[in-house]
Each structure stands twice: as C-alpha cells, then as structure tokens.
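Trainee: Structure below; questions to follow.
The values are calculated or read from the model by the stated rules, or taken from the named source; none is laboratory data. The model shown is predicted, which means the values in this text are computed figures rather than measured ones. Here the Cβ positions follow ideal geometry from the backbone for every residue, glycine too, while neighbour counts run over all protein chains shown. With ligands, DNA and RNA removed, areas are computed over all heavy atoms of the protein, side chains included. Shrake-Rupley method; radii C 1.70, N 1.55, O 1.52, S 1.80 Å.
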Amino acid sequence: MANGHHAKTLPAELNAPAFVAGWRMKALAVGAAFSVIAIILGFLSGDGWNHFLRAWLVGLMLCFGFAVGGMALLMVQYLSGGKWGLLVRRPLEAMSRTLPVAFVYFLPIGFFMKKLYLWAQYPDGKAAYSQHLINAEQAHAIIFKKGILNPTTFWATSIVCFLIWAGFGFLLNSWSLKRDADTEPNVPYWQKKFENISGIGVVTYSILLTACAILWVMSLDPTWYSTVYGLQFLVGQGYAVLALVILTLIGLSNAEPIRTIFRVTEQHDLGKLCFAFTMLNMYLAFASFLIIWSGNSPEEIPWYLDRIRGGWGVIATLDVIFHWLIPFSLLLSRDLKRIKGRLVVVCCIMLFARLWDTFWLVEPNFADARRNLHFSVGILEYIAVPAAMIAFWMAYYFTQLTTRPLVATNDPHVAEILEPEHAHA
Amino acid sequence: MATKGAPVNDPMIDPITGEYVVVAPGHTFKSVTETISRIVLTPHTPLGWYAGFALAGGVATVLLVAVLYLFLTGVGIWGITIPIAWGFAIINFVWWIGIGHAGTLISAILLLFKQGWRNSINRFAEAMTIFAVVCAGMFPLIHVGRPWLGYWLFPYPNTMNVWPQFRSPLLWDVFAVSTYATISVVFWYIGMIPDLGTLRDRSKSKFGQFIYGMFAMGWRGSVRHWVRYETASLLLAGLATPLVLSVHTVISFDFAVALLPGWHTTIFPPYFVAGAVYSGFAMVITLAVPIRKFYHLEDLITLRHLDNMAKVMLTTGLIVAYGYAMEVFMAYCYSASHWEYFMMWNRMFGPMGWAYWVLITCNIALPQFMWFRYVRTSIPLMFLMSLIVNTGMWFERFVIVVTSLYRDYLPSSWGTYRATTWDYATFVGTLGLFTFLFFLFVRFLPMIPMSEIRMMLPQAKVQPESGNVVEAGH
C-alpha cells in the first residue's frame, strides 16, 4: 500500500457514485425473479401458503434487523465516537430510513397471524384443549399469557414500536443534514445533541426490540421462554448490520468519495468489530444452550430437542459453522481483515448465517417440522421469499444511499481520517 | 439539552470537541516521569500513607483472626445452614471477582479498542484486579471446610481414585479463576517493565536500583525491546479479553445450571459480566478519587477519566437493569410457572424483600443520575456513586444467593438466613486486606504507567510534514 506523507483532501463530489443506480436495478431484478419463484412455490406447495408466511417472517426479521439494527449502530457510533463511526454513518442512516419497508413487510404477519401463532389460532386455550387441538402445556401457556399473547397487544405493541423508531430515525437523519449545513463547526453542540438522543435511543431500542423478538418470534412456541432471547436478537442485528455496512463501504470504495476516506486502518477496525460480534453472538447462544441443556427440565429442553432431533442437528451444526466457526477462524487473521476481497467473503458468509439461523429459529416451531426435517416444495420458500424481500429492501436501501452525500463533513474526524495512515502512534 | 454556547477557555477542555482532556496541557516527558516516579522513589513517605497503611493492616488482621478461628472450629461459625448452604462466602467471592473485572477490561479490551484515556488508570485498575482476585479466591477455599485438601480440585493422578467432577461449574471456576489470576499478574507485570526500568535508572538507593533492576529484566528501551513489548501486550490483551467474559460467565453458571427459580435463567451470563464491569469501574473510581487528591495527580487522572468511567458504569448498569427487568417480566408475565412467579414475589415482597429494594435503589435508581454530565464530572458525587454501586452490587449477590435458597420448592424445608459476627468479620477483613495490598502497591510501584502517558503527549506524535519522529519511550 502506498503511504503518502501528506494529508489527503476530501473530494469535491461527495454524492454516491453512479454505479449505485446499477446496483439498485440489479436488486430489483433479483427481487422480481424471486418473487415469481416464491409465488409459484406457494401454489405448488399445497400447504395453504403456510411456508410462504413462515419464510416471510424470516425475511421480515432480516430486513427489520437491517433497518432497526442500522439505526441502533448509528446511535452507538455517536456514543462511542471514533473514526469508524464517520465512515459508517451515512450507510447506517440510509438503513435507518428503510424502516417503512420493514413496516410494510410486517403487515402480512399481522394480518395472517392465525396461520403462524398458536395463541392467535386458539385464543380460547381451554376450549382448544378440550377439543384436543392443543396439548395441556400449550393450553396452560396460552391461558397464562393471554394478557400478552393476543392480537390487540400484538398490533398495538408492534405499531408503537415502529412509531417510536420512526421518530428516532427522523430526528437522527434530519439533524445529521442540519449539522452538515451548519456554517460554524459547533462540534460540542452537535456532539451533545446526538449523544443525548442516542443515549435514550439505544435504551429504547433494546426494550422495543426485546418486545418485538418475543412477540414475533419467541411466541411461535408459546410454551417456551428464555430471558436472554431479546439480547440474542440485539447482538444478531449488530452482527448482520456490520457485515452489510462493510460490504457497502467496500463496494463504494471503488469510487470517490469513499475511496479517499476508507483507509485500511478503519477497515481493520471494522473487521475487529465484526470479530467481537461473532464472539458475542456465539457466546450468548452457547451460554443459553448450556444452561438449558444442563437444567434438562421438561419445560425448556423440548425447544432445543425440536431443533436438534429428526435431522435438525445438521442444520444446528451448520448454523454454528456458518455463524461462528468460519467467521471466527477467518477473522483471526490480521491480513484478512485488511484485504477487501477476503473481508467481502467473510461478510457474505455472516449474512448467510443470519438467514440460516433465523430459519433454524422459525421452522421447528411448527408441528409438521418439529423434530422432523424433511423436504417439501414449501420449504424452498425459505430461499425464495427472503431472497425477494431482501432484494427489494436492498433496492430501497441503495436509493436512500443516493439521496445525501456519503460523507458527513461537519465532524472533527474528517481531518483525522484524511491523515496518512502511519501518522498515528 | 445541548446549547450553542460561547467559546471554551478552560485549558482542561478540548476547544474542538468540548470534551475534557485526558492529560492536562503543559506536561513534558520529564514532568510526567517525575510526577509519577517521585511517589515511589521519595525517601519521605507521607504520614497519611502510614496512617492508612496501619488502619488497613489492622482491619486485615481481623481477617486473620476470623480465618484462624474458622480453621480451628469449622464452617459452623458462619450463618450458613440448610437450605441456605451458600451464604456470605459465595456472595463475597462473586463480589470480589466482579470488582476485578474492570482492571481486565481497561487493560485488555480498551487497549484493543485503542481507547487512549485508559492509560492513566490501567495500572492501578490491574493491581486492583489482582488484589480483588486474592480476596475472592480465598472464599471458596475456606468454604470447603477442609482447605488443606483444596488441591483435590485439580485433576492429578492419585491412588485414592479421587477425580474432579468435570460437569460441575464449581470445578470450571477453579480453572477460570486460576487462569484469570495468572494472566492478570503476567499482564500487569509485563506492562510495568518499561516503568521499572525508569525507576531503576532514577533510583538513588542501591537497594532500589537492585530490586527495580532485577524486575526490569534488563530493559534498555531499545527499538527491539519496544517491538517485543508491544507485541507481548497485544497478545496478552487478546488472551485476557475472553477472560473478561469467561470468568464471570462461569461464575454465573454456578447458579444458572441449577434448577432453582431465581438461579436458572439464561440472562445470567451476560448480566453477570455486565454487573462485574459495573462494580469494577465503581471500585476504580472509589480508589482513583482519593489517590488523585492525595498524590496531586489531577493532571493525569482528569475529569475525562471520571466522565468516561461513569459512562461505562451507566451502560453496564443499564444492562444489569435489563437483566433484572427480564427476570421480572418472565417470572410475572411470561413464564407460566408458579415457581418462578412465587420466587419473584418472595424476592420483592417476602421477609427479605428489603434487600431487593436496596439493590434496585443502589444499582438502578440512583445511578440514573449519571445521565447528567454534571454528576459524571463531579468528584464528590461520583465518589458517592461508586460507593452506592458497590453496595448495590453486593446486595445483588446477596439477593441472588439468599432469597433464592431460603424458600425453595418445598415449604417444609424453608428457613431463613442470619449472618454471624464471623461472617461480617471475614468480609470486613478482606476489605482490609485489599486496602492493605493497595497501599503497598501505590508506595512501591508506579501506579500510573509513565511510558504510556508519555506516548500520549503531543511531542510523541509523528510530525507528518517534517517526517520526524519524536521518541516517546525514554
């Protein structure tokens, strides 16, 4: 790598390069192709679109994770400071502005909740049990949790969550533009302003995300609960968002302005952050597994047995391999974190791992798949539906990337990031 | 809320960022070295040091007496009974181990994350870790009843067919804590070598030159030495980082793998780790505030340190609060388990409910004042806050241990818990031992890393225009 002795200058053109429009077109084409496949599979599967909806939930969780997780990481970088934050700020802002897409994706889950959630299908647990539609444990859980697991709470909580996130997203995005337009630096003023909203925002995000994770995913099996579940989703979102933001930056670094400001040092730092999230993600998953496995109580262990027995052990093992073993092994390498092409491969594996993991979380909740991994036409929906949803989400994300300059200029880190790399002791 | 204020004239505030500076302006390599090394090399030990040392030593003697009586009599002198077979010993063990975590986090994780502000506080935070582990490690050992057979915990070939139970987290503790102690000591020592070299060179006494020279291991400050030093530091930081998570995670497993309501919960590992860092940073503040005042180190331990440590405390405190909230939510609203429901009700409103509310007040309610910068940068308030948090964290372990055990599944086996004088004496004694060791440390070793502070001065930065590099390591 060539190291100049003099500081670089910020390019005059800070908007997204023209090729981002090409990315958007490709994403739309992929989305359209997979939509057609998903619809065909829906007709062919003959399961009343059940798998389509389950796969939709997987797609929702991923896209929702990018939108909300992106906003959370945006707030975290305001709180933590650091040059990496300046680099990722505009891509993260773009992710946070995709919240409307996540909301649109949520609507079918709300409208068709009876196809997914036992508690929505059988609101009267006692009657359903007496008709042998559900077992005693399910009936007990549905009755006990009726205050939380009911359509009204589901809708109300979800909408309130989206509204609050929309509020935070609006403020973060509009203030960011105002900050850049400010004729005077006023760094302490803006820093305080963003720190204040981000502090509250991260706390709010943690609470709301936990509520959504419990309602949307954990309640697919109303009999089971885990206190760390929300935190696992939170870390999982960080894991996926980091991978995506690195991919975005590397993609954009083929042209200005990112070419100038995306230094190897910060790329290495982002790689290290990925490594930290890889470890944290597996740490939470393994600790949860160990506690429940050691306890071996009839109330808890079936959740894992449903996801290990009947062929699911293969999926679970591959989940560990994709989620942890591969990224962990590769990200240990200093060189890999500093070479763009190789880091791209790791980030793609990480994103695929999130899809794989969400499939493993969702599908075994249903009676036909529990401890019984088998092929059906419907199961192919887990490829087609999330692929289409992510592709459309990506198209919207790329659109958002083009709507404002890719570098926030009113920030003291701009000068630092333009310095020659070896200048830092 | 933020306001667009007038330009800042305070030299302790960075005019660009508005943050407090990490090191006060005006310092040179020489002034930093002198400020720190004279505390160690002075022939005139302050009277205040003697007074504190004697007091701490006196309190540590209480521990000696308590442990001696324990060995002569047995664990019956404590308040433990059935069903509360774990009492103060495990509470104190977890509390002390937790306190140690801040040292490892500051020295390892903050190093990897290039947080320059850590440099002023990492040395004594690491020392704190080691002394806290000493205090912590003692409790399981004296709790086993026959401490002279403690080596049975290790897997070694023997003719008695005694073999440890590897599926027990208590055994994992043995390995986790011993590894933690080893790495912490090595990290602390390696980090001190350049400073020991400085003390060797500046010491006027033959004895000082000999002792510091021996421990400096021939440090000359050559480029080769610095390269190896930096590599070793990074490697040790890499090794120590997982330990920050693993040690308290394993300790949380001591509880969580048991099928006891209040213990068996999946949030325990992250929330124990966060709690450990929380209490650890509180203890760093408890120590830093009097030290900076007594030794006039306000230039090196600035309000920036206090502010940042408060932010870490606020963050980890909120994670702990999240853990409490999830426990309450699951028990009351989502578990559908009467055992969980009763456990939480009993924890909040049972005969020992007061302890729960003490912990909520100290760990969650009062620390929310740290949202305000005024509080975070107020020395007396932060000192008070650190004491409050450490009290709260001790009560957290009390609540977890006692209120989960004294009323378990079978009402006929319910009991209560009353700590005895010997329980209190042992605990207070460890506070004395910890302080005693700390007094020795500040007197005979450099409590702030001179070499790292020198590297933070503007003179140590590479000058890009001229290409000159100012050496910082001497």
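Trainee: Considering each residue of segment A:226-273, count those that are at pLDDT 95 or above and either of a type in the set (Lys, Arg) or within 16 Å of the chain's Cα centre (by Cα) (or both), and give that number.
Mentor: Number of matching residues: 20.
Trainee: Can you pull out every residue in segment A:181-205 that is at the interface with another protein chain (Cβ under 9 Å from one of its Cβ atoms) and among the polar types (S, T, N, Q)?
Mentor: Answer for segment A:181-205, where residues must be at the interface with another protein chain (Cβ under 9 Å from one of its Cβ atoms) and among the polar types (S, T, N, Q): A:Asn186, A:Gln191, A:Asn196.
Trainee: What's the number of the only condition in (1) assigned to a helix (DSSP H, G or I); (2) open to solvent by 70 Å² or more (accessible area, probe 1.4 Å); (3) farther than 18 Å from B:His248 by Cα that B:Leu170 fails to meet?
Mentor: (3)
Trainee: So, one more: Give the number of residues within segment B:374-393 that are in contact (Cβ under 8 Å) with a residue 24 or more places away in the chain and open to solvent by less than 30 Å² (accessible area, probe 1.4 Å).
Mentor: So the answer is 10.
Trainee: Here's a follow-up. So which helices (runs of 4 or more DSSP H) stay within segment A:219-321 end to end and still have 2 or more residues that are within 14 Å of chain B (Cβ to nearest Cβ) and over 23 Å from A:Ala16 (Cα atoms)?
Mentor: A:229-252, A:264-295, A:301-306
Trainee: Which ones in segment A:154-180 are open to solvent by 40 Å² or more (accessible area, probe 1.4 Å) and within 14 Å of chain B (Cβ to nearest Cβ)?
Mentor: Hits for segment A:154-180 are A:Leu171, A:Lys178.
Trainee: Go through the residues of segment B:243-256 one by one and say whether even a single one is surrounded by fewer than 23 Cβ atoms within 10 Å (Cβ to Cβ), farther than 27 Å from B:Val22 by Cβ and more than 11 Å from chain A (Cβ to nearest Cβ).
Mentor: yes
Trainee: Looking at segment A:116-146, which of its residues are open to solvent by 60 Å² or more (accessible area, probe 1.4 Å), outside any helix (DSSP H, G or I) and within 14 Å of another protein chain (Cβ to nearest Cβ)?
Mentor: A:Asn135, A:Lys146
Trainee: Given the residues A:Leu318, A:Leu373, which is the only one that is touching a residue at least 40 places away in the same chain (Cβ under 8 Å), more than 30 Å from B:Trp263 (Cα to Cα) and open to solvent by 30 Å² or more (accessible area, probe 1.4 Å)?
Mentor: Just one listed residue meets the conditions, A:Leu373.
Trainee: Going through segment A:369-401 one residue at a time, which ones are assigned to a helix (DSSP H, G or I) and among the small types (Gly, Ala, Ser)?
Mentor: The answer is A:Gly378, A:Ala384, A:Ala387, A:Ala388, A:Ala391, A:Ala395.
Trainee: Shifting gears a bit: What's the number of the only condition in (1) out of contact with any Cys (no Cβ under 8 Å at 6 or more places or on another chain); (2) under 29 Å from B:Gly137 (Cα atoms); (3) not charged (D, E, K, R) that B:Met370 fails to meet?
Mentor: Here B:Met370 meets the rest and fails (2).
Trainee: Could you look through segment B:96-116, keep only residues that are surrounded by 24 or more Cβ atoms within 10 Å (Cβ to Cβ) and of a type in the set (Gly, Ala, Ser), and pick out the one that is farthest from B:Met128 (Cα to Cα)?
Mentor: B:Ala108
Trainee: Spot the failing condition for B:Ile211; the list is (1) touching a residue at least 40 places away in the same chain (Cβ under 8 Å); (2) more than 12 Å from chain A (Cβ to nearest Cβ); (3) open to solvent by 10 Å² or more (accessible area, probe 1.4 Å), and only one is missed.
Mentor: Against the list (1) touching a residue at least 40 places away in the same chain (Cβ under 8 Å); (2) more than 12 Å from chain A (Cβ to nearest Cβ); (3) open to solvent by 10 Å² or more (accessible area, probe 1.4 Å), B:Ile211 comes up short only on (1).
Trainee: B:Pro164 passes all but one of (1) under 21 Å from B:Ser252 (Cβ atoms); (2) outside any loop (DSSP other than H, G, I, E, B); which number fails?
Mentor: Failing condition for B:Pro164: (2).
Trainee: Let me ask something else. For residues that are open to solvent by less than 40 Å² (accessible area, probe 1.4 Å) and more than 13 Å from every other protein chain (Cβ to nearest Cβ), scanning just segment A:323-336, find the one that is farthest from the chain's Cα centre (by Cα).
Mentor: Step by step, filter segment A:323-336, then rank; the result is A:Leu336.
Trainee: Oh, and also: With (1) farther than 26 Å from A:Leu244 by Cα; (2) more than 23 Å from the chain's Cα centre (by Cα) as the list, and A:Phe289 as the residue in question, which single condition is left unmet?
Mentor: (2)
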